[in-house]
Amino acid sequence: MLQILKKSPIARIITLLILSQLMAGLILIPFFSLNIINPNDFNIEALGIELMSLIFLLQAAANLFLIYQLQKNYDKQPFLQIGFSRENLLKKISFGLGGGVISIIIIYLILLFSGLIETSTNTVNLYHFAWYFGLFSIVAVNEELLVRGYILKSLLGSQHKYIAIIISALIFMILHSGNSDVSLLSFINLLLVGIFLGLYYTYFKDLWFPIGFHFTWNFIQGPVLGFPVSGLPVEGLLIQKFTGNSAITGGEFGLEGSYLTMALLVLLCLIVWRINHQTDGKHHKVITKQSLI
């Protein structure tokens with residue numbers, strides 16, 4: 001078994017996914033056995049933001065431990081090489097954070113000025129708002145480290161880059177399959193998010209942008225604007241009332257269930273692919289010219 005893990009990136013990925021899900025289940029067992037959590041009411045309203053954050057933190061810590069061990073003992077690479085370069089750190093994080101904010105705000109403004117939603121203000125609970133900041137920070141780091149940082153990176157070493165991107169995006173989509181109010185449209189959008197962030201990671205080998213984008217996409221969508229986040233009801237600074245078709249507004253799943261999000265994500269995928277394609281073309285020309293000289 002250990003020899004297979006050393007030789008096969010696919011075996012390491014499968015092992016990671018199995019152990020990750022197993023440890024996530026083990027973390028929940030004490031809460032279930034003590035009747036702290038009802039398996040049928042696994043949401044923020046029933047658990048509270050503090051307990052939900054603790055559970056996600058424990059799961060993230062377990063994934064971090066697993067990935068660190070695989071990276072050190074089987075990939076034989078420094079952990080930071082997974083995509084945590086310090087070069088242009090602030091620029092990468094700022095770009096990611098800003099990209100997530102702009103993307104969500106664009107969709108929100110289209111819905112608002114089209115009359116498909118009605119917005120009102122909510123009573124500000126700064127305590128909950130701070131906890132949401134921590135929760136969605138944990139979610140962004142955990143999912144990006146797992147899917148882009150380890151799984152996609154490992155696939156890129158043994159698969160064609162576009163096959164690797166699609167496989168990692170499918171895994172990202174499947175990991176959200178248990179969310180409430182999931183639909184075919186939301187599945188497609190989750191796949192597109194995975195492709196977009198996968199394209200970026202494949203080109204830049206950087207996790208800071210995906211983490212930043214992932215965080216602000218969720219945080220602005222939920223705790224700020226008041227939309228559900230991938231089926232998770234969230235208390236926001238604003239309250240949204242849906243007056244239009246749920247396939248446009250996203251309904252109870254959130255903006256990941258909207259055709260507007262699909263259009264935006266397709267555009268983002270094309271932009272990153274075009275940048276990658278143009279750069280590869282220039283690189284190829286330079287190599288060809290040098291070989292002729």
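The values are calculated or read from the model by the stated rules, or taken from the named source; none is laboratory data. Please read all numbers here as calculations on a predicted model, not as lab measurements. Cβ atoms come from the backbone with ideal geometry, glycine included; neighbour counts cover every protein chain shown. When the accessible area is computed, the model is the full protein with side chains, heavy atoms only, and any ligands, DNA or RNA have been set aside. Shrake-Rupley method; radii C 1.70, N 1.55, O 1.52, S 1.80 Å.
Key figures for this structure:
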{"item": "List Lys92, Lys72, Lys7, ordered by accessible area with a 1.4 Å probe, largest first", "result": "Lys7, Lys72, Lys92"}
{"item": "Under-5 Å amide H pairs with Ile117, H placed in peptide plane, nonlocal only", "result": "Thr243"}
{"item": "Accessible surface, 1.4 Å probe, highest first, among residues Ser183, Ser246", "result": "Ser246, Ser183"}
{"item": "Kirkwood-based Rg to Rh ratio, the chain, C-alpha trace", "result": "0.99"}
{"item": "Förster radius 22 Å - calculated FRET efficiency between Ile174 and Lys76, Cβ distance, rounded to 0.05", "result": "0.15"}
{"item": "Backbone N within region 184-201 under 20 Å of label point (7 Å from Ile102 Cα along the Cβ vector)", "result": "193-201"}
{"item": "Residue of Pro210, Pro78, Pro233 that the Gaussian network model of the chain assigns the largest fluctuation, springs spanning Cα pairs under 10 Å", "result": "Pro78"}
{"item": "Ratio Rg/Rh, restricted to region 36-116 and using Cα atoms, in which Rh is the Kirkwood radius", "result": "1.14"}
{"item": "Accessible surface, 1.4 Å probe, highest first, among residues Arg86, Arg12", "result": "Arg86, Arg12"}
{"item": "The chain: calculated mean residue ellipticity at 222 nm from DSSP helix runs of at least 4, using -39500 (n - 2.57)", "result": "-22000 deg cm²/dmol"}
{"item": "Spin-label model distance (nm) - Glu252 vs Thr121, 7 Å beyond Cα toward Cβ", "result": "3.0"}
{"item": "Carbon + sulfur, % of accessible area of the chain - ligands and nucleic acids excluded, 1.4 Å", "result": "68"}
{"item": "Over region 1-138, equivalent-ellipsoid semi-axes from the Cα gyration tensor in Å", "result": "34, 25, 14"}
{"item": "Gaussian network model of the chain, springs between alpha carbon atoms under 10 Å - residue of Leu80, Leu145, Leu156 with greatest fluctuation", "result": "Leu80"}
{"item": "For region 30-42, Karplus couplings with θ = phi - 60° (6.51, -1.76, 1.60), whole Hz, Gly/Pro x", "result": "x, 5, 5, 5, 8, 6, 6, 10, 9, x, 7, 10, 8"}
{"item": "Spatially proximal aspartates and glutamates relative to Lys241 (Cα-Cα < 13 Å; intrachain offsets below 8 disregarded)", "result": "Glu118, Glu252"}
{"item": "Cα-centre dipole for the chain with unit charges at Cβ (Lys and Arg positive, Asp and Glu negative), debye to 20", "result": "1620"}
{"item": "Heavy-atom accessible area per residue - the chain, 1.4 Å, Å²", "result": "51"}
{"item": "Separation between Cα centres of region 72-144 and region 219-251, rounded to whole Å", "result": "16"}
{"item": "Inter-label distance for Leu184 and Lys7, nm, one decimal - labels placed 7 Å from Cα along Cα-to-Cβ", "result": "4.3"}
{"item": "GNM top mover of Ala24, Ala164, Ala46 - the chain, alpha-carbon springs below 10 Å", "result": "Ala46"}
{"item": "With all protein chains modelled, accessible area of Glu87 [1.4 Å, Å²]", "result": "120"}
